[in-house]
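Bear in mind that the values in this text are calculations on the coordinates, not laboratory data. Here the structure is a predicted model, which means the values were calculated and not measured. Note that each Cβ is placed from the backbone with ideal geometry, even for glycine, and that neighbours are counted across all protein chains shown.
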Amino acid sequence: MSKLKQLVELARPHLEPGETILGAAQGAYRTTVLRMSTVRKGVLIATDRRVVFYAKKLANFELESVAYQAISSFEQGKDAGGHSITLVTPGRQVHLKWIAEGPDLDTLTRQIKAGMDSARTR
């Protein structure tokens with residue numbers, strides 16, 4: 001099983017009943033461990049209700065959820081390390097970098113943009 005599929009399956013129990021995964025992509029994020037900056041693998045998941053960021057730690061996990069209507073800005077970029085996505089909301093942001101180019105990234109970005117558009121037209 002690929003790392004992306006493993007992370008998505010680990011995140012699935014944290015979804016709401018009936019919530020559907022529409023797209024996901026794996027990348028890396030910067031965090032602090034023992035007061036030292038480090039990079040860990042994580043996954044950004046677009047569902048029919050929200051965007052979920054999930055990362056597995058040694059014995060725990062990190063989870064952040066953002067409703068589409070709360071996203072004020074969607075930023076996307078590319079550098080030598082790969083693609084990056086930043087979701088900006090009032091008071092916080094979620095940033096995933098080193099995302100491989102491919103259908104997973106295309107599906108994820110399309111679903112996030114569609115979710116934001118749908119939330120704004122309600």
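With contacts taken as Cα pairs under 8 Å and at least 6 residues apart, the chain reaches a relative contact order of 23 percent. What does the C-alpha gyration tensor say about the overall shape of the stretch 75-118? Classify as rounded when a/c is under 1.5, otherwise prolate if a/b is larger than b/c, or oblate. Taking the square roots of the gyration eigenvalues as a ≥ b ≥ c, the stretch 75-118 is oblate.
For the stretch 52-68, the Karplus equation 6.51 cos²θ - 1.76 cosθ + 1.60, evaluated at θ = phi - 60°, returns couplings of 10, 9, 9, 9, 8, 10, 3, 10, 9, 8, 10, 9, 9, 10, 10, 5, 4 Hz by residue, with Gly and Pro reported as x. Across the stretch 38-47, coupling constants 3J(HN,Hα) worked out from phi with the 6.51/-1.76/1.60 Karplus curve, θ = phi - 60°, read 8, 10, 10, 7, x, 9, 10, 10, 9, 10 Hz, and Gly and Pro carry x. The number of Lys pairs in the stretch 3-121 with C-alpha atoms less than 13 Å apart, excluding pairs fewer than 8 positions apart on the same chain, is 8. Given [x] 10, 16, 12, 10, 9, 8, 7, 7, 6, 6, 5, 3, 2, 0; [y] 12, 42, 28, 14, 4, 0; [z] 13, 48, 34, 6, 0, which label gives P(r) over Cα pairs in 10 Å bins from 0, in percent as computed from the coordinates? Among [x] 10, 16, 12, 10, 9, 8, 7, 7, 6, 6, 5, 3, 2, 0; [y] 12, 42, 28, 14, 4, 0; [z] 13, 48, 34, 6, 0, the one derived from this structure is [z]. Per-peptide packing, taken as the mean over residues of other Cβ atoms within 10 Å, places 13-21, 89-97 in the sequence 89-97, 13-21 from highest down.
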